[in-house]
Amino acid sequence: MDFWEVIEGRFSARSYTSREVPDEAIDKILAAIESAPSAGNLQSYKVVVVRDEGLRRKLADASSHQGWMARAPVFLVFFADLDQFMTRYGEAHIDTMPLQDATIAMAYAQLAAFNLGLGCCWIGTFARYDAQRICGLKGNLQFTGILTIGHTTESKPRRRRRKPREWSISL
Ligand SMILES: Cc1cc2nc3c(=O)[nH]c(=O)nc-3n(C[C@H](O)[C@H](O)[C@H](O)COP(=O)(O)O)c2cc1C
(Lines give C-alpha, C1' and ligand atoms only; values in the text may rest on other atoms or scores of the structure.)
Protein backbone atom coordinates (compact mmCIF):
# COMPACT_ATOMS: atom_id res chain seq x y z
CA MET A 1 0.00 0.00 0.00
CA ASP A 2 1.23 3.48 -0.62
CA PHE A 3 1.37 6.04 2.15
CA TRP A 4 -2.01 7.68 1.46
CA GLU A 5 -3.77 4.36 1.06
CA VAL A 6 -2.62 3.50 4.57
CA ILE A 7 -3.48 6.90 6.03
CA GLU A 8 -6.91 7.13 4.41
CA GLY A 9 -7.77 3.43 4.57
CA ARG A 10 -7.10 2.76 8.25
CA PHE A 11 -10.13 2.45 10.51
CA SER A 12 -10.90 1.08 13.96
CA ALA A 13 -11.89 -2.59 13.71
CA ARG A 14 -13.81 -4.05 16.66
CA SER A 15 -14.62 -7.54 15.43
CA TYR A 16 -12.06 -10.18 14.66
CA THR A 17 -11.93 -13.65 13.17
CA SER A 18 -10.24 -16.50 15.04
CA ARG A 19 -7.34 -16.51 12.55
CA GLU A 20 -3.99 -16.18 14.32
CA VAL A 21 -1.63 -13.29 13.69
CA PRO A 22 1.80 -14.71 12.79
CA ASP A 23 4.87 -13.74 14.80
CA GLU A 24 6.38 -12.29 11.61
CA ALA A 25 3.58 -9.71 11.41
CA ILE A 26 4.14 -8.71 15.04
CA ASP A 27 7.88 -8.44 14.36
CA LYS A 28 7.17 -6.04 11.49
CA ILE A 29 4.93 -3.94 13.70
CA LEU A 30 7.68 -3.80 16.33
CA ALA A 31 10.14 -2.80 13.60
CA ALA A 32 7.84 0.08 12.64
CA ILE A 33 7.84 1.21 16.28
CA GLU A 34 11.64 1.02 16.33
CA SER A 35 11.80 3.49 13.43
CA ALA A 36 9.60 6.08 15.16
CA PRO A 37 10.99 9.35 16.46
CA SER A 38 11.49 9.65 20.21
CA ALA A 39 12.77 12.27 22.62
CA GLY A 40 16.57 12.15 22.64
CA ASN A 41 16.27 8.91 20.64
CA LEU A 42 15.75 7.19 23.99
CA GLN A 43 12.68 5.19 22.91
CA SER A 44 11.13 5.67 26.34
CA TYR A 45 8.45 3.02 26.03
CA LYS A 46 7.73 -0.60 26.74
CA VAL A 47 5.45 -2.62 24.48
CA VAL A 48 3.97 -5.86 25.77
CA VAL A 49 2.76 -8.42 23.22
CA VAL A 50 -0.15 -10.24 24.85
CA ARG A 51 -1.42 -13.42 23.24
CA ASP A 52 -2.57 -15.17 26.45
CA GLU A 53 -6.37 -15.32 26.44
CA GLY A 54 -6.76 -14.95 30.20
CA LEU A 55 -4.64 -11.80 30.21
CA ARG A 56 -6.54 -10.38 27.21
CA ARG A 57 -9.80 -10.91 29.08
CA LYS A 58 -8.43 -9.17 32.19
CA LEU A 59 -7.21 -6.23 30.11
CA ALA A 60 -10.58 -6.00 28.31
CA ASP A 61 -12.39 -6.04 31.66
CA ALA A 62 -10.07 -3.35 32.99
CA SER A 63 -10.81 -1.31 29.84
CA SER A 64 -14.31 -0.45 30.97
CA HIS A 65 -15.55 -3.97 30.21
CA GLN A 66 -15.16 -3.72 26.44
CA GLY A 67 -15.69 -7.46 26.03
CA TRP A 68 -15.25 -7.42 22.23
CA MET A 69 -11.56 -6.63 22.71
CA ALA A 70 -10.71 -10.12 23.95
CA ARG A 71 -11.65 -11.63 20.59
CA ALA A 72 -8.61 -9.96 19.05
CA PRO A 73 -5.88 -12.63 19.18
CA VAL A 74 -3.12 -10.15 20.03
CA PHE A 75 -2.93 -7.03 22.15
CA LEU A 76 -0.02 -4.64 22.16
CA VAL A 77 0.03 -2.84 25.49
CA PHE A 78 1.99 0.42 25.55
CA PHE A 79 3.64 2.07 28.51
CA ALA A 80 5.78 5.17 28.73
CA ASP A 81 9.04 4.13 30.39
CA LEU A 82 9.84 6.92 32.82
CA ASP A 83 13.02 5.23 34.12
CA GLN A 84 14.41 5.04 30.59
CA PHE A 85 13.65 8.73 30.04
CA MET A 86 15.29 9.70 33.32
CA THR A 87 18.58 8.03 32.36
CA ARG A 88 19.34 11.22 30.45
CA TYR A 89 16.85 13.91 31.31
CA GLY A 90 16.02 13.42 34.97
CA GLU A 91 12.60 14.75 35.88
CA ALA A 92 12.52 17.57 33.34
CA HIS A 93 9.59 16.99 30.96
CA ILE A 94 8.90 13.60 32.55
CA ASP A 95 5.17 14.39 32.52
CA THR A 96 5.02 14.83 28.75
CA MET A 97 7.86 13.41 26.68
CA PRO A 98 7.81 9.68 27.57
CA LEU A 99 4.06 9.70 27.02
CA GLN A 100 4.62 11.35 23.65
CA ASP A 101 7.16 8.66 22.74
CA ALA A 102 4.75 5.89 23.66
CA THR A 103 1.86 7.56 21.83
CA ILE A 104 3.90 7.96 18.65
CA ALA A 105 4.92 4.31 18.96
CA MET A 106 1.25 3.33 19.14
CA ALA A 107 0.38 5.40 16.09
CA TYR A 108 3.19 3.83 14.07
CA ALA A 109 2.10 0.37 15.18
CA GLN A 110 -1.51 1.03 14.22
CA LEU A 111 -0.58 2.13 10.71
CA ALA A 112 1.86 -0.76 10.31
CA ALA A 113 -0.84 -3.25 11.35
CA PHE A 114 -3.25 -1.85 8.78
CA ASN A 115 -0.55 -1.93 6.11
CA LEU A 116 -0.09 -5.65 6.87
CA GLY A 117 -3.78 -6.26 6.19
CA LEU A 118 -4.71 -6.52 9.86
CA GLY A 119 -7.56 -4.89 11.76
CA CYS A 120 -6.72 -2.88 14.80
CA CYS A 121 -8.29 -0.60 17.40
CA TRP A 122 -6.75 1.92 19.77
CA ILE A 123 -8.05 1.60 23.33
CA GLY A 124 -7.73 4.56 25.66
CA THR A 125 -6.49 4.69 29.21
CA PHE A 126 -9.34 2.97 31.03
CA ALA A 127 -6.91 0.33 32.34
CA ARG A 128 -4.48 2.92 33.68
CA TYR A 129 -4.55 1.61 37.26
CA ASP A 130 -4.54 -2.10 36.34
CA ALA A 131 -2.55 -2.68 33.15
CA GLN A 132 0.91 -2.77 34.70
CA ARG A 133 -0.15 -5.27 37.39
CA ILE A 134 -2.02 -7.43 34.86
CA CYS A 135 1.06 -7.49 32.62
CA GLY A 136 3.27 -8.29 35.63
CA LEU A 137 5.74 -5.48 34.96
CA LYS A 138 7.93 -3.69 37.46
CA GLY A 139 9.36 -0.21 37.06
CA ASN A 140 8.24 3.34 36.67
CA LEU A 141 5.79 2.99 33.80
CA GLN A 142 2.86 5.09 32.63
CA PHE A 143 0.14 3.18 30.87
CA THR A 144 -0.53 4.67 27.45
CA GLY A 145 -3.02 2.41 25.73
CA ILE A 146 -3.78 -0.92 24.11
CA LEU A 147 -3.92 -1.85 20.45
CA THR A 148 -6.16 -4.80 19.69
CA ILE A 149 -4.90 -6.58 16.57
CA GLY A 150 -6.33 -9.37 14.44
CA HIS A 151 -7.90 -10.26 11.14
CA THR A 152 -11.20 -8.55 10.53
CA THR A 153 -14.02 -8.81 8.04
CA GLU A 154 -15.10 -5.25 8.75
CA SER A 155 -14.67 -2.57 6.15
CA LYS A 156 -14.12 1.10 6.70
CA PRO A 157 -17.30 2.90 7.79
CA ARG A 158 -18.17 6.36 6.51
CA ARG A 159 -17.34 8.74 9.31
CA ARG A 160 -17.78 12.46 9.49
CA ARG A 161 -14.56 14.26 10.20
CA ARG A 162 -14.17 17.87 11.28
CA LYS A 163 -12.53 19.59 8.36
CA PRO A 164 -9.19 21.42 8.62
CA ARG A 165 -10.99 24.76 8.46
CA GLU A 166 -12.70 23.81 11.77
CA TRP A 167 -9.48 23.15 13.69
CA SER A 168 -6.51 24.51 11.79
CA ILE A 169 -5.37 28.06 12.41
CA SER A 170 -3.11 30.03 10.12
CA LEU A 171 -1.18 32.88 11.66
C1 LIG B 1 -6.96 8.06 22.55
C2 LIG B 1 -7.96 7.12 21.90
C3 LIG B 1 -8.75 6.33 22.70
C4 LIG B 1 -9.65 5.43 22.11
N5 LIG B 1 -10.34 4.57 22.93
C6 LIG B 1 -11.20 3.69 22.38
C7 LIG B 1 -11.88 2.73 23.19
O8 LIG B 1 -11.66 2.64 24.39
N9 LIG B 1 -12.76 1.90 22.58
C10 LIG B 1 -13.00 1.93 21.23
O11 LIG B 1 -13.81 1.13 20.76
N12 LIG B 1 -12.36 2.81 20.43
C13 LIG B 1 -11.46 3.69 20.96
N14 LIG B 1 -10.77 4.54 20.16
C15 LIG B 1 -10.99 4.55 18.69
C16 LIG B 1 -11.82 5.77 18.27
O17 LIG B 1 -13.15 5.58 18.69
C18 LIG B 1 -11.73 5.92 16.75
O19 LIG B 1 -10.37 6.16 16.38
C20 LIG B 1 -12.57 7.09 16.25
O21 LIG B 1 -13.94 6.86 16.47
C22 LIG B 1 -12.36 7.35 14.75
O23 LIG B 1 -12.66 6.19 14.01
P24 LIG B 1 -11.57 5.50 13.07
O25 LIG B 1 -10.42 5.06 13.94
O26 LIG B 1 -12.31 4.31 12.48
O27 LIG B 1 -11.15 6.47 12.05
C28 LIG B 1 -9.82 5.40 20.71
C29 LIG B 1 -9.00 6.21 19.90
C30 LIG B 1 -8.06 7.03 20.49
C31 LIG B 1 -7.13 7.82 19.60
* Asked: Where in the chain lies the longest segment free of trypsin sites (Lys or Arg not before Pro) that are both loop residues by DSSP (not H, G, I, E, B) and have at most 13 other Cβ atoms within 10 Å?
  -> 52-137
* **Shape category assigned to segment 1-43 from the gyration tensor of Cα positions, a/c cut at 1.5** => oblate
* Structure fact -> Computed over segment 1-124, protein heavy atoms only, probe 1.4 angstrom, the accessible area per residue in square angstrom equals 51
* **Whether segment 103-171 is rounded, prolate or oblate, judged on the alpha carbon gyration tensor where a/c under 1.5 counts as rounded** => oblate
* In nanometres, what is the gap between the two model label sites at Phe3 and Glu154, each 7 Å from Cα along Cα-to-Cβ? -> 2.7
* Exactly which chymotrypsin sites (Phe, Trp or Tyr not before Pro) in segment 53-134 are in a DSSP loop and have at most 15 other Cβ atoms within 10 Å? -> Tyr129
* Quick one: go through segment 18-52 and flag any residue whose amide nitrogen is under 16 Å from the point 7 Å out along the Cα-to-Cβ line of His93. => 37-45
* To do: Just tell me the longest site-free run in the chain, where the sites are GluC sites (Glu not before Pro) in a DSSP loop having at most 14 other beta-carbon atoms within 10 Å.
  => 21-90
* At R0 = 22 Å, FRET efficiency that the Cβ-Cβ distance of Asp23 and Ile104 yields, to 0.05 -> 0.40
* When only alpha-carbon atoms count, how far does segment 1-81 stretch along each of its three principal axes, as whole angstroms with the largest first? -> 36, 32, 24
* Structure fact -> Averaging 1/r across every pair of distinct alpha carbons in segment 24-148 and inverting yields a Kirkwood hydrodynamic radius, in angstrom, of 14.5
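The values are calculated or read from the model by the stated rules, or taken from the named source; none is laboratory data. This one's a predicted model, so the numbers in the text were calculated from it and none came from an experiment. Reconstructed Cβ throughout: ideal geometry from the backbone, glycine too, with neighbour counts over all protein chains shown. The protein model used for the area step is the full one, side chains on, heavy atoms only, and it has no ligands, DNA or RNA in it. Shrake-Rupley method; radii C 1.70, N 1.55, O 1.52, S 1.80 Å.
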